[in-house]
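The values are calculated or read from the model by the stated rules, or taken from the named source; none is laboratory data. These numbers were taken from a predicted model, which means no experiment stands behind them. All Cβ positions, glycine included, derive from the backbone under ideal geometry; neighbour counts span all protein chains shown. For accessibility, only protein heavy atoms count, side chains too; no ligands or nucleic acids. Shrake-Rupley method; radii C 1.70, N 1.55, O 1.52, S 1.80 Å.
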Amino acid sequence: MSLVKNVGTIGGLTAVSRVFGFVRDMLLARVLGAGLAADAWQLAFTLPNTFRRLFAEGAFSVAFVPMYTRRLHAEEDGGDEAADRFASDVLSVFVWVLLGFSALCMIAMPGIVWLLAREYQDVPGKFELSVMLSRVTFPYLALVSLVAMLSGVLNARSKFAPGAVVPVLLNIVMIGGILTGWYLRGDSADDLPVAWALAISLALAGVAQLIYMWWATRRAGVKLQIKMPKITPDVKRLMMLMLPATFGAGIYQISQLVDTFFATSLPQGSLTLLKLADRLNQMPLGIFGIALGTAILPMLARHIQSDNHREAQRLQGNAVEIAMLLCLPCAVALSICAEAFTAGIFQGGRMAPEDTAIMGNIVIALVCGLPAYVLVKVFQPAFFSREDTRTPVFVAAGALAINIALNFYVVPRYGIVGLAAATAITATLNVLTLYAILQIRGWFHVTGKLAGRIVRQIVATAVMGALLWWMTPALEPYWRGSAFDRIWSLAALVIAGAAVFFATAYLVGALDKDLIAQLRRKRAVPASDGPPNLSE
């Protein structure tokens, strides 16, 4: 399957999830605001999700998918049967590791919360609530990690839709949790019912996601079994690959924990404002960056396995072009319209105008690093598909050290906005270093054609930016008005900006005709990509 088709499948379904995610966060902002319970909930939500992205979707996926893909397409080794046998061995060990790790963390939760948010002890009840909520939410890590493994199995078989659907289930269940807590709270000023309902809904969402993914793998003909755990040579190799990948693939997630530590030392509500602002930053990152990274990894692994380095270079070039085509205008649009989006989406109820004004500045700082966040997802698979999970460790270690040093300097001076800016700066250093190593090793380089295309994309982005710079102040009374006025004014900004960008991109030649052709034509799935999906 083409890269464009795979990215379109993953990105389209992720976009649906992000819409539900915005509905969830809009309700959350209005119901909880940026107070004690909101901060406690954000910490309880951050812990399992950060470990999930770091281990399950990060280290585990980048190590597991290439190994599973090679067995799947090596007919002399048994093909499907060998691949599923390997996955069953991994699953049988993985289940017990997850259960043990989750249990230990739940027992040690007071210490974990103290390490990340010791200042919460200065606010009566805040530390205790954070610990209790985190204990309720942490089992989600084990559930969603199993979901990530099953998604990796299906991704290796070019079945990307089920894995992209599961976040939709998460947001739907959590929206139900917010509404339930809101109903239970009634007219009282007590936010505890909402916080508890949210924590319980997260655990229930993990159960729903796991049931759905197990059904999807069975429907795809994958036969997995949970048996007595045994450390086979392949499982041992997977673990050895995961150790460095935990750091190399998880620099963004580790930075999130570092940012959480610093954010909890700032005035109450800072962590909530940072997390809600990051939702806007995560919209393009989730749709484009994660979609590209997920789609490119198994495809690169196949090309490298067959020694087709020319196709590997072409595939990475296409991925860089798509990434820049989509994230450059998003970064500029979000920075210009930051206050419009934060006020139009989140302001209301218990979320005050001064809170959304701070949130807008956080968004501007975060999206300065948006191209870097996305390109990291494109460059890292070039290492992981070659089973080189060590090199990104050194790059990530340097970037993280710089990030921590910057935080100690900027947080006391610039507060939560400085914290966001430090994340953007170190992400950019990280991606530039990765590219330099890829070029030195001859694994990937930016061709003159690709560089010219990116320059044209910058021109189209500048034209779009000029339009939004004029439109945003003119629409200010509307994106601070009624619900209807907010919807149409924000929609006008998005539609006008997108129309002008793509029209200009087409006129100046920023759109690759080959990629457009891939979007227009339907291609049959090659036999080497596995059996066709009979469910489609």
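A few comments on the model shown:
- Residue match in the range 239-253 (condition: small (Gly, Ala, Ser), assigned to a helix (DSSP H, G or I) and modelled with pLDDT of 85 or more): no
- Qualifying residue in the range 277-295 (condition: open to solvent by 20 Å² or more (accessible area, probe 1.4 Å), modelled with pLDDT of 70 or more and not in a helix (DSSP H, G or I)): no
- The range 177-204: number of residues that are outside any helix (DSSP H, G or I) and small (Gly, Ala, Ser): 3
- Per-region count, the range 332-349, residues closer than 15 Å to LEU27 by Cβ and open to solvent by 40 Å² or more (accessible area, probe 1.4 Å): 1
- Residues that are part of a loop (DSSP other than H, G, I, E, B) and either at pLDDT 80 or above or open to solvent by 10 Å² or more (accessible area, probe 1.4 Å) (or both) within the range 370-401 comprise ARG386, GLU387, ASP388, ARG390, listed in sequence order.
- Taken over the range 205-221, the criterion of being part of a helix (DSSP H, G or I) and touching a residue at least 24 places away in the same chain (Cβ under 8 Å) is satisfied by ALA205, GLY206, VAL207, ALA208, GLN209, LEU210, TYR212, MET213, TRP214, ALA216, THR217, ARG219.
- Meets criteria (modelled with pLDDT of 90 or more and over 22 Å from the mean Cα position of the chain (by Cα)) for ALA208: no
- Evaluation of ASP89 against (1) in contact with a helix residue (DSSP H, G or I) (Cβ under 8 Å, 6 or more places away or on another chain); (2) closer than 30 Å to LEU184 by Cα; (3) modelled with pLDDT of 80 or more (one fails), failing number: (2)
- Test result for ILE437, surrounded by fewer than 21 Cβ atoms within 10 Å (Cβ to Cβ) and aliphatic (A, V, I, L, M): yes
- Checking each residue in the range 178-210 for being touching a helix residue (DSSP H, G or I) at 6+ places or on another chain (Cβ under 8 Å) and among the polar types (S, T, N, Q) picks out THR180, SER201, GLN209.
- Of the residues making up the range 122-154, those that are open to solvent by 20 Å² or more (accessible area, probe 1.4 Å) and not in a loop (DSSP other than H, G, I, E, B) are ASP122, PHE127, GLU128, MET132, ARG135, VAL136, PRO139, LEU143, LEU146.
- Checked against the criterion of being without any contact (Cβ under 8 Å) to a residue 40 or more places away in the chain and part of a helix (DSSP H, G or I), the candidates ALA466, ALA460, ALA427 yield just one match: ALA466.
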